[in-house]
Amino acid sequence: MNEPAPDAEAFIRANTVLATAPHVPEIRLHLATEITPIWQATETWMAEQGIEPPFWAFAWPGGQALARHILDHPALVAGKRVLDFAAGGGIAAIACRMAGAATVEAAEIDPLALAAIGLNAAVNGVDVVQARDVVGAACRWDLILCGDVCYEAPMTGHIMPWLTEMARTAAVWIADPGRAYLPKSGLEAIASYRIETTRELEDRTSRDVSIYRFRTE
């Protein structure tokens, strides 16, 4: 487990509000109300700390779809060991704990995201284990969730070989809203959701998100 920077929680509280995502009202999250102020604040932080942009401060369509699917079908995760990979603020991880998963890890490389996951889990009264870079690790999970991870070619190229290997021993799901680098083969659609978004984050007011399962044949 990796501890966040000591003042990360204070930064998050100062730059977000407790709110809910449109399709997951059961879960409260520390969310940014506008993209520009949080982005500018984080750019200042980045200059001092060397961290990523504040993707964790928004409930992205893929994470909302995964959380909604899990809360509506808790038997899919009950009693299982789950990894929420590239977890952002941890919405899918929190949904898994609420649905009865045995253990849940939320993996992020950004220390602010890890701090946000901890705060968000506490607000919702659940325990989520925070993990850093798990790419290359041996499989210790029954289910791996990936929300909207195929938005850049380098990211996709880095994670797909590992996720493909993980799919030999665990179920691997990707929730994707039509990103350009989603693999064209090896995936089977298992659910779909229309998720409201904003033009600050996307180029439209809603996204059709499909949840895919890795095929192992």
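The values are calculated or read from the model by the stated rules, or taken from the named source; none is laboratory data. Just so we're clear, the structure is a prediction, and the values are computed from it rather than from any experiment. Heads up, the Cβs are rebuilt from the backbone with ideal geometry, glycines too, and the neighbour counts pull from every protein chain shown.
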State which residue pairs qualify: first residue more than 10 Å from E105 (Cβ to Cβ) and free of Cβ contacts under 8 Å to residues at least 60 places away in the same chain and inside the stretch 134-150, second residue part of a loop (DSSP other than H, G, I, E, B) and among the aromatic types (F, W, Y) in any location, beta carbons under 6 Å apart, and separation of 6 or more residues or different chains.
C150/Y181
If you scan the stretch 112-143, which residues turn out to be in contact with a His (Cβ under 7 Å, 6 or more places away or on another chain) and assigned to a loop (DSSP other than H, G, I, E, B)?
V135
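It is to be established whether one or more residues within the stretch 112-124 are of a type outside the set (S, T, Y) and farther than 23 Å from T33 by Cβ.
So in the stretch 112-124, the residues of a type outside the set (S, T, Y) come out as 112-124.
Subsequent filtering for residues that are farther than 23 Å from T33 by Cβ retains none.
No: the stretch 112-124 contains no residue that is of a type outside the set (S, T, Y) and farther than 23 Å from T33 by Cβ.
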Per the filter on the stretch 25-41, residues out of contact with any Phe, Trp or Tyr (no Cβ under 9 Å at 6 or more places or on another chain) and more than 18 Å from A106 (Cα to Cα) are P25, E26, T33, E34, T36, P37, W39, Q40
Determine whether P61 is at pLDDT below 95, surrounded by fewer than 23 Cβ atoms within 10 Å (Cβ to Cβ), touching a strand residue (DSSP E or B) at 6+ places or on another chain (Cβ under 8 Å) and closer than 19 Å to A175 by Cβ.
no
Could you tell me whether any residue of the stretch 153-173 is free of Cβ contacts under 8 Å to residues at least 40 places away in the same chain, of a type in the set (D, E, K, R) and within 23 Å of E105 (Cβ to Cβ)?
yes
Given (1) of a type in the set (K, R); (2) over 16 Å from G63 (Cα atoms); (3) in a strand (DSSP E or B), identify the lone condition not met by R194.
(2)
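For L182, are the conditions met, namely being buried (at least 18 other Cβ atoms within 10 Å of the Cβ), out of contact with any Lys or Arg (no Cβ under 8 Å at 6 or more places or on another chain) and part of a loop (DSSP other than H, G, I, E, B)? Lay out the reasoning, then the answer.
Numbers: buried (at least 18 other Cβ atoms within 10 Å of the Cβ): yes; out of contact with any Lys or Arg (no Cβ under 8 Å at 6 or more places or on another chain): yes; part of a loop (DSSP other than H, G, I, E, B): yes.
Yes.
Do any helices (runs of 4 or more DSSP H) lying entirely in the stretch 6-111 carry at least 1 residues that are without any contact (Cβ under 8 Å) to a residue 40 or more places away in the chain and under 18 Å from the mean Cα position of the chain (by Cα), and which ones are they? Give the derivation first.
On the way: elements: 8-15, 35-49, 61-72, 91-98.
Answer list for the stretch 6-111: 61-72, 91-98.
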Filter the stretch 126-175 down to the residues that are modelled with pLDDT of 95 or more, of a type in the set (D, E) and within 18 Å of I91 (Cβ to Cβ) and list them by number.
D127
